[in-house]
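> The following block contains the structure, expressed as structure tokens.
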Amino acid sequence: MTIKVFSVAEMVAAEKAADAAGHSYAQMMEMAGRRVAEAIVQRYDVAERRVLVLVGPGNNGGDGLVAGRYLAEAGAAVTFYLFKPRDPATDENLAQVEGLGLELVLADHDQRFRVLRHRLRTTDFVIDALLGTGVARPIGGALAALLEQVKAGLAENETPVALPSLLSVAAPLTVPDEGDSRGETQRWPLIVAVDCPSGLNCDTGEIDPLAVPADLTVTFAGPKRGHFRYPGAAACGELVVADIGIDPALPPVAAVPVELATPALARATLPRRPANGHKGTFGTALIVAGSIRYWGAPALAARGAFRSGAGLVGLAVPQRLRPALAGQFPEAIYAAITDTDTLGVATANLILTTLQEYNAILVGPGLGEAASFVTALLNGLSEPAAGGSMPRLVIDADGLNILAAMDDWPGLLPKNCVLTPHPGEMARLCGLSLAAVKDGDRVELARERAVAWGQVVVLKGAYTVVAAPDGRATLLPFANPVLAVGGSGDVLAGVITGLLAQGVAPYPAAVLGGYLHGAAGQMASDYWGNAGLLAGELADWVSHVRRALV
């Protein structure tokens, strides 16, 4: 199942198209509310628990009314707190709530928010159904006053409670949060956001200071881009994508260019492992890396390539590094490099004469000042003699920095290379400031540059973006501080190169490699916590992720 990542305008268009096709807004609202209740019931025992539903004036409030009704049917004691009056004569969901005799409190009748504060002191769950995905302005007026009271009331009642891990590689519709705000305990009462925390701009990720951070966010049809942009992403908690019956074949849905990487997508992309395969079946990857200053980068990239399943991994490194690496990787093959400390033209010429031996080549980790090597290699690849059997090319780290210093560097590359920049490298490649890359729309930047350059771009960071030359993009559902360690990017580049060597095409290889890498960090953090993992250990977890997927 493909999960699209929507902008607000794309979501509005999708809902409109679904309604026009016969799946009404009322049906979508019923399904949305039910899915919120189901997400809660699947995680917690709600029988005889107290639930407070904060009901806004629009469709988001309608979703909350439906969710509260289903929770009441599951045995919860539900109170609905209405920010604005709703008319049961025209609001079927309110009429059903009244018909069940459930408690309704109107904010206009709650002097000094006494009832609200009392309910907040005694409730177990708060469902935030005040504002939906269309919010783009700061919260003010009466709603600001209400949210101030909500935050104050929650602060009075908040206590930690131990919960099982929310991170599961096997859960195809679950996106982990960044893991640094909750740890192994969860506050109580639990906050559940309907579609998004009220006050989150679902395009930009900006979040109002009055927004109440959620422990669980249930969003509909697909996540919104703002769910993956900070600072708002940190307020979403566990993000669950719920089906509300919108047909993915509808043109406005099918046209959405961004999707979310899921276990199902990763599983479908894994290269086959036939029982009668041999090392040649699974491809040969060449890691061209390292310099006298950076000994570890080639080892980390090679480890990633091996753990991704490559049959053979070659190392083209300066002579000074070779004995140390051979001791770590007796499994690898070693090109007869004559350069001593830093790779140069001689190495480039050697590689160009042996291209047919490799299915994929990684250039860049730890290269140092190797501009002459990169220039000679790219010039050679552009010549007809390089031929149609040219291996797939991944450029990372110092390789990208060397590119950025070249005039008209995009014209020097073969098409459909995989470029793996972190924000600093992306800024240099684009001629932008680092702040512009960090604070801007990462998805659109990656998409625009992938199209302009004719390359696959992996813009690394929290919620890495993988963009294709045809305008598609995939978001990786991982924002995990355990990955923030030197050498992590080298491992990722090696994993992608190993997958290319096994015959996976560049764009799916980049998506799958990023997924394996991020999920390895997720699995490792369940064991190690969110700090202290070494990049070499991260590579070893890739095999565990592969096993879990299949």
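The values are calculated or read from the model by the stated rules, or taken from the named source; none is laboratory data. What you are looking at is a predicted structure, and each value in this text was computed from that prediction instead of being measured. Reconstructed Cβ throughout: ideal geometry from the backbone, glycine too, with neighbour counts over all protein chains shown.
> If only one of G380, G411, G424, G366 is touching a Gly at 6+ places or on another chain (Cβ under 8 Å) and in the same structural domain as G454 (by TED's automatic domain parsing), which one is it? Working first, answer last.
Details: G380 fails: touching a Gly at 6+ places or on another chain (Cβ under 8 Å); G411 fails: touching a Gly at 6+ places or on another chain (Cβ under 8 Å); G424 fails: touching a Gly at 6+ places or on another chain (Cβ under 8 Å).
The conditions single out G366.
> Quick one: A76 ticks every box in (1) over 30 Å from V253 (Cα atoms); (2) surrounded by fewer than 17 Cβ atoms within 10 Å (Cβ to Cβ) bar one, so which box is it?
(2)
> Under 7 Å between Cβ atoms, which residue pairs at least 6 apart in sequence (or on different chains) link something in segment 273-289 that is without any contact (Cβ under 8 Å) to a residue 12 or more places away in the chain with a partner that is assigned to a loop (DSSP other than H, G, I, E, B)?
Cβ pairs passing all conditions: P274/T281.
> Answer with yes or no whether T464 is over 24 Å from A234 (Cβ atoms) and polar (S, T, N, Q).
On the way: over 24 Å from A234 (Cβ atoms): no; polar (S, T, N, Q): yes.
So T464 fails the test.
> With respect to K16, is the statement that it is in contact (Cβ under 8 Å) with a residue 24 or more places away in the chain, of a type in the set (D, E, K, R) and either in contact with a Ser or Thr (Cβ under 6 Å, 6 or more places away or on another chain) or surrounded by fewer than 17 Cβ atoms within 10 Å (Cβ to Cβ) (or both) true?
When the stated conditions are applied, K16 passes them.
> Quick check, is V175 at pLDDT below 95, of a type in the set (A, V, I, L, M) and closer than 30 Å to D470 by Cα?
yes
> Among the residues of segment 188-200, are any at pLDDT below 95, of a type in the set (V, I, T) and over 21 Å from the mean Cα position of the chain (by Cα)?
Scanning segment 188-200 turns up no residue that is at pLDDT below 95, of a type in the set (V, I, T) and over 21 Å from the mean Cα position of the chain (by Cα).
> Still on this structure, please answer the following. Give the residues of segment 435-457 that are acidic (D, E) and at pLDDT 95 or above, sorted by residue number.
Correct list: D441, E444, E448.
> Which of the following residues is buried (at least 17 other Cβ atoms within 10 Å of the Cβ) and among the small types (G, A, S): G513, G529, G471?
G513
> Can you find a residue that is surrounded by 23 or more Cβ atoms within 10 Å (Cβ to Cβ) and more than 21 Å from V504 (Cα to Cα) anywhere in segment 407-416?
As a first pass, look at segment 407-416 and keep what is surrounded by 23 or more Cβ atoms within 10 Å (Cβ to Cβ): none.
Checking segment 407-416: not a single residue is surrounded by 23 or more Cβ atoms within 10 Å (Cβ to Cβ) and more than 21 Å from V504 (Cα to Cα).
One line per residue, one yes/no per condition, for (1) surrounded by 19 or more Cβ atoms within 10 Å (Cβ to Cβ); (2) within 21 Å of V218 (Cβ to Cβ):
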site: G101; (1), (2): no, no
site: H109; (1), (2): no, no
site: R114; (1), (2): no, no
site: R119; (1), (2): yes, no
site: L131; (1), (2): yes, yes
site: V135; (1), (2): yes, yes
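Let's see how each residue does on (1) touching a residue at least 60 places away in the same chain (Cβ under 8 Å); (2) within 18 Å of R267 (Cβ to Cβ); (3) in contact with a helix residue (DSSP H, G or I) (Cβ under 8 Å, 6 or more places away or on another chain); (4) not hydrophobic (A, V, I, L, M, F, W, C):
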residue: A468; (1), (2), (3), (4): no, no, yes, no
residue: T474; (1), (2), (3), (4): yes, yes, yes, yes
residue: I496; (1), (2), (3), (4): yes, yes, yes, no
residue: G503; (1), (2), (3), (4): yes, yes, no, yes
residue: A510; (1), (2), (3), (4): yes, yes, yes, no
residue: A520; (1), (2), (3), (4): no, yes, yes, no
